[in-house]
Amino acid sequence: MTFTLTKLPANEFLRLRDALPVVDVRSPGEYEYGHIPGAVNISLFDDSQRAEVGTLYKNEGNIKAVLRGIDLAAPQMSDKLVRALRLAAGSQMLVYCWRGGMRSEAMAWLFSTGGITPLLLDGGYKAYRNHILEELGRERKYIVLGGLTGSGKTDILNHMMKEGKQVTDLERLASHKGSAFGALGQPPQPSSEHFANLLHDDLAARIDNVAIWLEDESRNIGTVFMPDCFYERMQTTPVVALMMSIETRMPRLLKEYTAFPVEQIIAAVMKISKRLGGDRTREAVEALKRDDYRTAIRITLEYYDKSYNYGLSKRPAGQVIYVETDTDDVAVNSARVADAAAAAG
C-alpha cells in the first residue's frame, strides 16, 4: 500500500471543512483549551502520555521518545481507527496536530490503513492560529453599538439581525454579558484562544464591504480577552451610543435580575465592591436583602454609567454618535441607531 502525505495551507484546509470531517489529534487538554471549530478530538496521546513523551524527548532525544510513544499509543490504535471510519465522508478526512508534524503524520498513516485519504494542515494548529489572527486584524467595515448598561443593546442587535443586517454577537461567543453580573445564567466561558477561533468563523461568514454591527465591549468580556488585533480595530470604529435615563432602563433590569437568586446578585455586587466603595456596597447589599432591587440597581448603575461615559469621552472627537431615547422599545431604538449610523455615513 502506498502512503502519500498531502498537506494543505490553512485557508484551503478551512475551505474544505463544510465537505469533510476535521480531526484534531492533539491531547484532550490541548483540544479543550482551543481547537478549530467543528473538529472532533481523536488524540494520539492523552494528556499524561503527551507529557511523558515530551519530557523523554527533551531529556533523552527523539528515538527514545518515538519508541515510548509507540508503546503508549499502540493498544488504542484500533479504537482510534474505528472512530475515524465512523467520521470519514467520501473516504477523505482533514487532520491536524500542533505543528503538523509527527502526531498528525502518524495518525494520517493509521487512518490510511482503513482506506481514508487524510489531508493534513500544513504547519498544524499553530499555522491555523497565525492565519486567523491575521484575518481578525484585517480591515472590515464595523459599526459599534454602545449605550449605558440596561439599554437593551443585545436585543437591539438581535432585532437588526432579523431585519437582515450583519451582526456579530461578541457576548454570545464569549458566553458572558460583559459586567460583573454577566456570568449569571450563562454556560462556561471558552478560553480567550478558543473565543478567537469562534470569532474568526463568525466573521468569515460575513459579506465583505457590508457593515458588521458589534456591541461595545471592554478588552475583556468576563474572563475572555479579545485578540489585540481585533480589539484595536474596534477602537477605531464609529460608535453609535444609545443614551436613556435610569428610569427608562429600570423595568428591563428588574425583569432580568430578579430572575436570579438574591445570593448570586449579592456575589456579583461584591465583585465590584472596591469600585463602589464600602458604604455604597453595604447599601446595595442591604437593599437586596430586603428585596429592594430598585435601590441596588441605582447604586450599581452610578458606577457603570460613570465608567462608561468616561470611556466614551476618551474616544477621538467625532467618533461617537449619541442617540437620545425616551423609550425601551427595541424596534424603535433599533431604527434610531440604524438611522444615526446611516446619516453619519
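Dimensions of the chain from C-alpha coordinates, computed as largest minus smallest value along each principal axis and given longest first, are 74, 46, 34 Å. Scanning the chain for trypsin sites (Lys or Arg not before Pro) lying in DSSP loops with no more than 15 further Cβ atoms inside 10 Å, the longest uninterrupted stretch between such sites is 1-98. Between residue 46 and residue 4, the FRET efficiency estimated from the beta carbon spacing at R0 = 35 angstrom works out to 0.75.
Among rounded, prolate and oblate, which fits region 1-141 when a ≥ b ≥ c are the square roots of the eigenvalues of its C-alpha gyration tensor, a/c under 1.5 means rounded, and a/b larger than b/c means prolate? Here region 1-141 falls in the oblate category.
Applied to region 180-193, the Karplus parametrisation 6.51 cos²θ - 1.76 cosθ + 1.60 on θ = phi - 60° returns per-residue 3J(HN,Hα) values of 4, 9, x, 7, 4, x, 9, x, x, 6, x, 5, 4, 4 Hz, with x for Gly and Pro.
For residue 40, the residues whose amide H sits under 5 Å from its own are 22, 23, 24, ignoring neighbours fewer than 5 places away on the same chain, with H placed 1.01 Å from N. Pairs of Cα atoms nearer than 8 Å and 6+ residues apart set the relative contact order; for the chain it is 17 percent.
Between residue 212 and 141, 142, 143, the built amide H atoms are under 5 Å apart, and every one of these is 5 or more places off in sequence or on another chain.
Remark: the chain carries a charge dipole of roughly 440 debye about the Cα centre, counting +1 on each Lys and Arg Cβ and -1 on each Asp and Glu Cβ.
Karplus-based coupling profile of region 331-343, in residue order and whole Hz: 5, 5, 5, 4, 5, 5, 6, 5, 5, 5, 5, 5, 5, with θ = phi - 60° in 6.51 cos²θ - 1.76 cosθ + 1.60 and x standing for Gly or Pro. Contact order, relative form, for region 140-344: 30 percent (alpha carbon pairs under 8 Å, 6 or more residues apart, mean separation divided by residue count). Only residues of region 116-137 count here: report those whose backbone N is under 11 Å from the spot 7 Å along Cα→Cβ of residue 85, or say none. Counting only backbone N, you get 116. Scanning residues 5 or more positions from residue 120 or on other chains, those with amide H under 5 Å from its amide H are 6, 7, 8, 95, with H placed 1.01 Å from N in the peptide plane. Taking every C-alpha pair closer than 8 Å and separated by at least 6 residues, the mean separation divided by the residue count of region 1-147 gives a relative contact order of 31 percent.
On a 0 to 90° scale, report how tilted helix 153-162 is relative to the longest principal axis of the chain, with both axes built from alpha carbons and the result rounded to the nearest 10. Computed tilt is about 60 degrees. Helical content of the chain, expressed as a calculated mean residue ellipticity at 222 nm, amounts to -16000 deg cm²/dmol (DSSP H runs of 4 or more residues, -39,500 (n - 2.57) each, divided by residue number, nearest 500).
Quick note: the coordinates plus some simple rules give every number you see, no bench work behind them. The shown structure was predicted, so the numbers you read here are calculated from the model rather than taken from an experiment. When we count neighbours, we look across all protein chains shown, and the Cβ atoms used for this are built from the backbone with ideal geometry, even at glycine.
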